[in-house]
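Below is one structure, written out as structure tokens; the observations come after it.
Every number in this text was worked out from the coordinates using simple rules, so none of it is lab data. Predicted model only: the values in this text are computed from it and were never measured. Heads up, the Cβs are rebuilt from the backbone with ideal geometry, glycines too, and the neighbour counts pull from every protein chain shown.
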Ligand SMILES: [Zn+2]
């Protein structure tokens with residue numbers, strides 16, 4: 001059976017199951033006038049279905065605890081229940097059946113294999129095995145046959161000792177932590193020469209050209225980005241040695257769409273196309289989601305990669321939630337930061353966008369605060385205009401004057417908007 005007919009069959013089966021087992025989807029599809037599963041068609045007609053939003057899952061779980069009306073199983077059938085951090089609301093429970101757990105492990109095995117990890121290779125990881133889905137990735141290292149050396153979160157001393165004594169070929173952590181480790185190692189005179197791969201994920205930054213270059217120089221190693229999405233699957237995308245975007249690791253189990261975040265219209269998956277990623281679980285048992293809006297804005301490639309893989313590739317551009325529209329042009333604060341970073345060391349890399357108007361739509365010039373040397377202000381403005389196709393008003397500010405964060409730095413500030 002071809003991949004297309006296989007995924008289409010799974011999709012039809014999943015829809016029929018959700019009508020039976022998920023009150024949330026029965027009502028949601030019925031509310032959209034889709035009361036008959038036969039009328040839904042196959043994957044080619046998926047755009048008929050309404051989207052699923054994260055807020056709906058929270059509301060569903062609050063109204064029908066503990067798993068929510070969207071869950072398609074009784075809690076006794078769950079093999080594991082993860083939860084989200086709850087930074088933007090109450091923690092959301094994410095149940096997995098035994099088959100779901102096995103599928104996540106296989107997705108993770110593919111992702112980390114794509115990064116080039118192989119049997120016998122030593123890898124130090126900094127993920128916690130706590131409540132969050134990232135812990136599910138740990139099983140992937142055993143599935144590959146790696147020599148897995150977990151050192152946990154935020155224990156830089158233990159990590160550097162492991163690098164010195166065990167000489168791992170790979171380290172997996174967040175991109176900002178990777179930079180911190182390199183700085184501490186340099187200050188302490190610890191050699192990082194054994195490390196050939198830095199596998200980064202869990203936050204944006206790993207895909208930004210300037211930041212990657214900085215990491216690769218600091219470590220003398222190659223950067224490989226990975227990306228998961230808690231509600232869909234851990235370690236879902238992984239970059240290969242060609243370093244040409246992250247490959248998709250769940251082709252036969254999860255359907256990916258690209259949409260225009262403003263209109264919701266489906267966009268063709270083609271080389272260079274950009275839009276928001278939308279996911280549908282074709283084979284998830286515990287809490288399958290249909291057309292889940294990830295809020296991740298990405299550029300995609302469908303042509304075969306230099307590594308020989310033919311799976312879809314992506315590079316994240318930013319969060320749809322942070323997007324501005326400047327006279328019809330989509331602007332992502334993280335993309336602005338990436339362009340500004342090209343001017344290092346004359347800039348620190350920190351920026352802040354301070355829109356003049358409330359809301360998404362802005363008139364040029366868009367104020368962009370840049371930490372650095374005033375001599376590069378005009379050159380930065382020119383580079384932003386030619387790369388991102390909007391006119392900024394670059395305001396140079398003193399180094400270290402913009403807010404810092406050890407988690408996720410804010411790049412948008414509406415305090416002067418009227
Ligand atoms: Zn590749």
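Sorted into 10 angstrom bins from 0, the C-alpha pair distances of the range 68-137 split as 17, 41, 31, 11, 1 percent.
With all pairs of different C-alpha atoms in the average, the Kirkwood value for the hydrodynamic radius of the range 17-96 is 13.8 Å.
Taking every alpha-carbon pair within the range 301-359, the share separated by more than 14 Å comes to 67 percent. Distance between the pseudo-spin-label points of residue 410 and residue 39 (7 Å out from Cα toward the beta carbon): 4.7 nm.
Considering just Cα atoms, how many Å³ per residue does the convex hull of the range 18-60 enclose? Intermediate values should be presented prior to the final figure.
Details: hull volume 3.3 nm³, N = 43.
So the per-residue hull volume is 76 Å³.
What residues from the range 117-138 fall in the zone where the backbone N is under 15 Å from a label point 7 Å along the Cα-to-C-beta line of residue 203? Counting backbone N atoms under 15 Å from the label point, the list is 126-128.
The fraction of Cα-Cα pairs per 5 angstrom bin, counted from 0 for the range 168-207, comes to 6, 25, 28, 26, 11, 4 percent, rounded to whole percents. Legend: calculated FRET efficiency, residue 81 to residue 143, from the Cβ-Cβ distance at R0 = 22 Å, rounded to 0.05, equals 0.50.
The protection proxy used here, the mean number of other Cβ atoms lying within 10 Å of each residue, ranks peptides 262-271, 193-202, 77-86, 8-17 as follows, highest first: 193-202, 8-17, 77-86, 262-271. Here the relative contact order of the range 108-205, from alpha carbon pairs under 8 Å that lie six or more residues apart, stands at 29 percent. When the Cα atoms of the range 80-238 are aligned to their principal axes, the ranges along those axes come out at 46, 36, 28 Å in descending order. Per-residue ellipticity at 222 nm, computed for the chain from helices alone with -39500 (n - 2.57) per DSSP H run of at least four residues, works out to -9000 deg cm²/dmol. Direction-averaged projected area, Cα convex hull, the range 302-418: 9.1 nm², rounded to one decimal.
Quick one: pull the percentage of alpha-carbon pairs in the range 234-333 with a separation above 18 Å. Percentage above 18 Å: 48.
Shown is the FRET efficiency for residue 270 and residue 361, computed with R0 = 25 Å from the Cβ-Cβ distance and rounded to the nearest 0.05: 0.40.
The alpha-carbon atoms of the chain, seen along their principal axes, cover 65, 56, 41 angstrom, with the largest extent given first.
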